[in-house]
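Just so it is clear, none of the values below were taken in a lab; they were calculated from the coordinates. Computed from a predicted structure; not experimentally measured. Quick reminder, even Gly has a Cβ in these numbers, built from the backbone with ideal geometry, and neighbours come from all protein chains shown.
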Amino acid sequence: MLDKMIFGRYVPLDSLVHRMDPRSKLLLVFFFVCIVFLANNLITYGILAVFTLALIALSKIPARFLFNGLKPILFLILFTLLLHILFTKEGDVIYDFGFIEIYEGGLRQGLYISFRFTLLILVTSLLTLTTSPISITDGLEQLLGPLKKWKMPVHELALMMSISLRFIPTLMEETEKIMKAQTARGVDFTSGPIKERVKSIVPLLVPLFVSSFKRAEELAIAMEARGYRGGEGRTKYRQLSWHAVDTLLLCTLAVLTILLLLFRSY
Amino acid sequence: MGEKLVSLNDVTFKYEGQDRNAVDCVSFDVYKGEWLAIVGHNGSGKSTLAKLLNGLQFAESGSITINDIELSEATVWDARKKVGMVFQNPDNQFVGTTVQDDVAFGLENLGVQHQMMVERVQNALNKVQMDQFLNQEPHHLSGGQKQRVAIAGVLALQPDIIILDEATSMLDPRGREEVLHTVRELKDENILTVISITHDLEEAAKADRIIVMNQGLLYRQGTPDEIFQLEGELVELGLDIPFSVKLGKALREQGLNLADSHLTEEELVKDLCELNSRM
Ligand SMILES: Nc1ncnc2c1ncn2[C@@H]1O[C@H](COP(=O)(O)OP(=O)(O)OP(=O)(O)O)[C@@H](O)[C@H]1O
Ligand SMILES: [Mg+2]
């Protein structure tokens, strides 16, 4: 179940977007997050929507996965919408309930901002839905590579990420095992008052921590035995390859930016 | 006996804060192409010995020579290329997110070029018959398969010696047989010299030579035949003897006219059948 929360996000399909270099996808998301703020009228939001929909269509990701990504944020989106409708007092009054007035500007602002939110979530989910966690790690390591000059431990962080990814299922299994063992000893994880349930986590966490430390120590020895001595002089087995599509995508993004700048109202 | 590959000279080592030497004045040689088993009770210093051989710990006194390189902090990275190690827990030595990534880990550390890496990963996985599982994630593999991947990870580095530190003790009988069979084949192809640390005396019985450790001291070394002659002494050291040796002895005490000793059940069965047909 927890397994699904973390890995359930990546949907391994064969599509143009899936095959793209994680670096270009990461750059895309980064720039998209920036230029979303340029949009401020119907046309510009329309342009962004078309772009996002085109990406989704290319990725072949079924809509239900995207909706799942939106679900946890839905409340936040509706809440912002409501706040704006109730409290932004701009333009004409379009409805008067007596105790509260709804302004045209408030409604518009609310709709724009919640739409902006939706677009951001859609594009970022698209990244995690079409790129495996390990590719994202590789992409980040490469993109942040230049920061090594300023003593940023980029390689170490990437290694930490990939080892965490590798050990998540192992620790999951272990948690389940310990849970069963403790249930057999009479610990109740599923019922009773909240306070009792939180308390029952302690006999779960303690053995988990102890064994994780032991694992970490053994893993470190095994890594050293296999010649690991830091990032210096290391080559990479997993190679990233930048194709024409990737360049094309970034060009589209540039065009998008120009369009937004042209059509936004000042 | 072939050429000397490793030699230990009066090696002594003590863990910090411990009052007893974990390894005490141990000397022995390992010859090219042999299968050496190291046995001993828990805490007798077997794993420490393995770590010393791989430069994961350094001896306080005495010297270790591997392929004419004397092991020291300066030479440890070269020596480590010659000595591969497989540990007990299959999970805690699997570094990569997939089988091929894990095998490549050691190669990446050595800075091997990509093209070469792909070749060597493929070769190593072929040798342990795990080439069908290139993109498999570790939690979808059995313990025996994970250990075979670990062996492939070692093979990819093309070492001379492989040390198995109880590498089969967490596996079921089938996984154990898989792993030992793989290693035995590699050894027979003259690719490897094997040092196998084990509690399984049936396995040790198949080795070329056995070293018995006791409380950090080298207690005895010799061929399986010679070692299992010690019977009672071994039991005193907290070791068992293989079932076939025990049964053979019991039968002889009953007055059965059996040859000296039988290291494997097959040998014993064969002799008993012969005896039966003569009666
Ligand atoms: N990291 C450590 N720190 C301190 N003492 C240690 C450490 N590892 C092992 N020892 C001690 O060194 C001695 C030898 O341990 P070692 O692990 O080599 O035994 P072993 O023969 O491998 O045993 P086992 O069969 O249980 O694996 C033991 O007395 C042990 O308590
Ligand atoms: Mg040990």
| said: Rounded to two decimal places and with Rh computed the Kirkwood way over Cα pairs, what is Rg over Rh for segment A:30-179? | reply: 1.12
| field | Whole-Å distance, taken between Cα centres, linking segment A:101-170 and segment A:215-266 | value | 12 Å
| task | Could you tell me which of A:Val17, B:Asn9, B:Gln147 has its Cα farthest along the dipole of the protein assembly as shown towards the positive end, charges placed at Cβ (Lys, Arg +1; Asp, Glu -1), taken about the Cα centre? | result | A:Val17
| query | Under a point spin-label approximation (7 Å from Cα along Cα-to-Cβ), what is the A:Asp188-B:Thr65 distance to one decimal in nm? | reply | 7.1 nm
| Which whole-number value in Å³ per residue fits the convex hull of the alpha carbons of segment A:1-94? | 148 Å³
| query | What's the angle, to the nearest 10 degrees (0 to 90), between helix B:173-188's Cα axis and the longest principal axis of chain B? | reply | 80 degrees
| Folded to 0 to 90 degrees: helix B:99-110 orientation relative to chain B principal axis, Cα | 70 degrees
| note | Given the candidates B:Thr223, B:Ser61, B:Cys273, the one whose Cα lies deepest towards the positive end of the charge dipole of the protein assembly as shown, counting +1 at each Lys or Arg C-beta and -1 at each Asp or Glu C-beta, is B:Ser61
| query | For B:Lys127, which lysines qualify as cross-link partners when the Cα separation must be under 25 Å and same-chain residues fewer than eight apart are set aside? | reply | A:Lys236, B:Lys32, B:Lys81, B:Lys82, B:Lys146, B:Lys187, B:Lys206
| said: Please compute the modelled spin-label separation between A:Leu111 and B:Asn126, points set 7 Å along Cα→Cβ, answer in nm with one decimal. | reply: 6.5 nm
| request: Evaluate the relative contact order of chain B (contact order divided by residue number), counting alpha-carbon pairs under 8 angstrom at least 6 apart; express in whole percent. | output: 22 percent
| Full-stretch length increase - B:Asp19, B:Ser142 - with 0.36 nm per residue and alpha-carbon distance subtracted | 40.3 nm
| request: Would you mind giving the average projected area, over all directions, of the Cα convex hull of segment B:117-242 in nm² with one decimal? | output: 8.7 nm²
| Proximal lysines to A:Lys89, defined as alpha-carbon separation beneath 30 angstrom and excluding residues fewer than eight positions away on the same chain | A:Lys71
| said: Below 8 Å, C-alpha to C-alpha, sequence gap of six or more: please give me the relative contact order for chain A in percent. | reply: 30 percent
| Nearest 0.05, what FRET efficiency do B:Asn190 and B:Asp225 give at R0 = 25 Å with Cβ-Cβ as r? | 0.55
| task | Please give the length that would be gained between A:Ser211 and A:Met172 if that part of the chain were fully extended, namely 0.36 nm times their separation in residues minus their C-alpha to C-alpha distance (nm, one decimal). | result | 12.8 nm
| field | Between segment B:89-125 and segment B:151-191, the Cα center-to-center distance that results, in Å | value | 16 Å
| Efficiency by 1/(1 + (r/R0)^6): what FRET value for A:Leu248 and B:Met279, r their Cβ-Cβ distance, R0 = 60 Å, to the nearest 0.05? | 0.10
| field | Förster-model FRET efficiency, 35 Å R0, A:Glu196 and B:Phe243, C-beta, rounded to 0.05 | value | 0.10
| query | What shape does chain A have by the C-alpha gyration tensor, where a ≥ b ≥ c are the square roots of the eigenvalues, rounded means a/c under 1.5, and otherwise prolate means a/b greater than b/c and oblate the rest? | reply | oblate
| Can you give the convex hull volume per residue for the Cα atoms of chain B, as a whole number of Å³? | 145 Å³
| request: Classify segment B:27-82 as rounded, prolate or oblate, taking a ≥ b ≥ c as the square roots of the eigenvalues of its Cα gyration tensor: rounded when a/c is under 1.5, otherwise prolate if a/b is larger than b/c and oblate if not. | output: oblate
| Once Rh for the protein assembly as shown is found with the Kirkwood sum over Cα pairs, what is the Stokes-Einstein diffusion coefficient at 4 °C and 1.567 mPa s, in µm²/s? | 46 µm²/s
| query | Remind me, relative contact order of segment B:53-190 in percent, using alpha carbon pairs under 8 angstrom and six or more residues apart? | reply | 31 percent
| query | Dipole of the protein assembly as shown, Cα-centred, from +1 at each Lys and Arg C-beta and -1 at each Asp and Glu C-beta, to the nearest 20 debye? | reply | 2480 debye
| field | A:Leu262-B:Val235 pseudo-label distance in nm [points 7 Å out on the Cα-to-Cβ vector] | value | 9.5 nm
| message | Counting just the Cα atoms, what span does segment B:50-131 cover along each of its three principal axes? Round to the nearest Å and put the largest first. | response | 43, 29, 20
| query | Treating the beta-carbon of each Lys and Arg as +1 and of each Asp and Glu as -1, no other charges, what is the dipole magnitude of segment B:111-173 about its Cα centre, to the nearest 20 debye? | reply | 140 debye
| request: Take the alpha carbon gyration tensor of segment B:1-148, find the square roots of its eigenvalues, order them as a ≥ b ≥ c, and report rounded if a/c is under 1.5; if not, report prolate when a/b exceeds b/c, else oblate. | output: prolate
| said: Projecting each Cα onto the charge dipole of chain A (Lys/Arg +1, Asp/Glu -1 at the beta carbon, about the Cα centre), which of A:Phe65, A:Leu38, A:Ile201 comes out farthest on the positive side? | reply: A:Ile201
